[in-house]
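So the structure is just underneath, and the comments pick up after that.
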Amino acid sequence: MAYFPFFVDISDGDGLIVGGGRVALRKIEKLLPYAPRLTVCAPSFLPEMEAVPGLTLVRGPFRSAMVDDKLFVIAATSDDALNSEIAALCREKRVPVNVVDDREKCTFLFPALVKRGPLSIGISTGGASPSGAVYWKGEIDRLVPEDAGELLAYLDGLRETVKDAVPDGMARAAVFSILFDTCLEKGWPLSDEWLDGLLGGLKEGSP
């Protein structure tokens, strides 16, 4: 069964990571660009983890109350029994949980990620082949331009102007398609004259 790829806003959400080693650090590094508030619990932490700004480090054993009100939990310890305990607790409390290297105990998986500003592309094989996910991530990474995020931010900046000029939803979608294709072909920003001509022509052609 494939996993459905929900895209969730975790900015300013509270996440818990149990584990202070290399695997936990890799999870943290994937999460940080999405700006959650992260609490990390472990008896000890890698120096690299202690140097990450903004983390709340709790040095000591895991306590069950730690999962309360968390947006998500990651069990990344080397203790399989503890990971299982955390997973069972999260399932009971309906808190999404990821257990490293144990697909059966997860309620969500980490995808291989390609990120360009607001553009996020996640690749998951449902845990069947992490190597396959890494391979397709590399292929997509080569396909998506490095400045794709800048293009999306530019188009987002035009959204209100287009909405004001084109009230009809279907026509507006067509305009955004034209803008996207034109930016890919000619670059951006588009000239004011070109934009005025496009939007003015639509106004003139409306009933």
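The values are calculated or read from the model by the stated rules, or taken from the named source; none is laboratory data. Only a predicted model underlies this, so the values are computations on that prediction, with no experimental measurement involved. Glycine also receives a Cβ, built like all others from the backbone with ideal geometry; neighbour counts cover every protein chain displayed. Protein only, heavy atoms only, side chains kept; ligands, DNA and RNA dropped before computing areas. Shrake-Rupley method; radii C 1.70, N 1.55, O 1.52, S 1.80 Å.
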Taking Asp156 and the conditions (1) open to solvent by less than 40 Å² (accessible area, probe 1.4 Å); (2) closer than 30 Å to Trp194 by Cα; (3) modelled with pLDDT of 95 or more, which numbered condition does it fall short on, given that it satisfies the others?
-> (1)
Filter segment 182-201 down to the residues that are part of a helix (DSSP H, G or I) and open to solvent by less than 70 Å² (accessible area, probe 1.4 Å), then identify the one that is modelled with the lowest pLDDT.
-> Gly201
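Taking the condition out of contact with any strand residue (DSSP E or B) (no Cβ under 8 Å at 6 or more places or on another chain), open to solvent by less than 40 Å² (accessible area, probe 1.4 Å) and closer than 24 Å to Ile86 by Cβ, does Gly122 pass? Working first, answer last.
Numbers: out of contact with any strand residue (DSSP E or B) (no Cβ under 8 Å at 6 or more places or on another chain): no; open to solvent by less than 40 Å² (accessible area, probe 1.4 Å): yes; closer than 24 Å to Ile86 by Cβ: yes.
It is false that Gly122 is out of contact with any strand residue (DSSP E or B) (no Cβ under 8 Å at 6 or more places or on another chain), open to solvent by less than 40 Å² (accessible area, probe 1.4 Å) and closer than 24 Å to Ile86 by Cβ.
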Selection count, segment 163-181, where residues are without any contact (Cβ under 8 Å) to a residue 12 or more places away in the chain and either part of a helix (DSSP H, G or I) or at positive phi (or both) | 9
Which ranges mark the strands (runs of 3 or more DSSP E) fully within segment 1-104 that have 3 or more residues being open to solvent by 30 Å² or more (accessible area, probe 1.4 Å) and at pLDDT 95 or above?
-> 56-59
Selection within segment 1-33 - of a type outside the set (A, V, I, L, M, F, W, C) and without any contact (Cβ under 8 Å) to a residue 40 or more places away in the chain | Asp9, Ser11, Asp12, Gly20, Arg22, Arg26, Glu29
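Condition first: β-branched (Val, Ile, Thr) and over 30 Å from Ile10 (Cα atoms). Can you find one or more residues in segment 141-153 that meet it? I'd like the intermediate steps shown before the answer.
Pass one, segment 141-153, residues β-branched (Val, Ile, Thr): 144.
Adding the requirement that they be over 30 Å from Ile10 (Cα atoms) leaves none.
No, segment 141-153 has no match at all.
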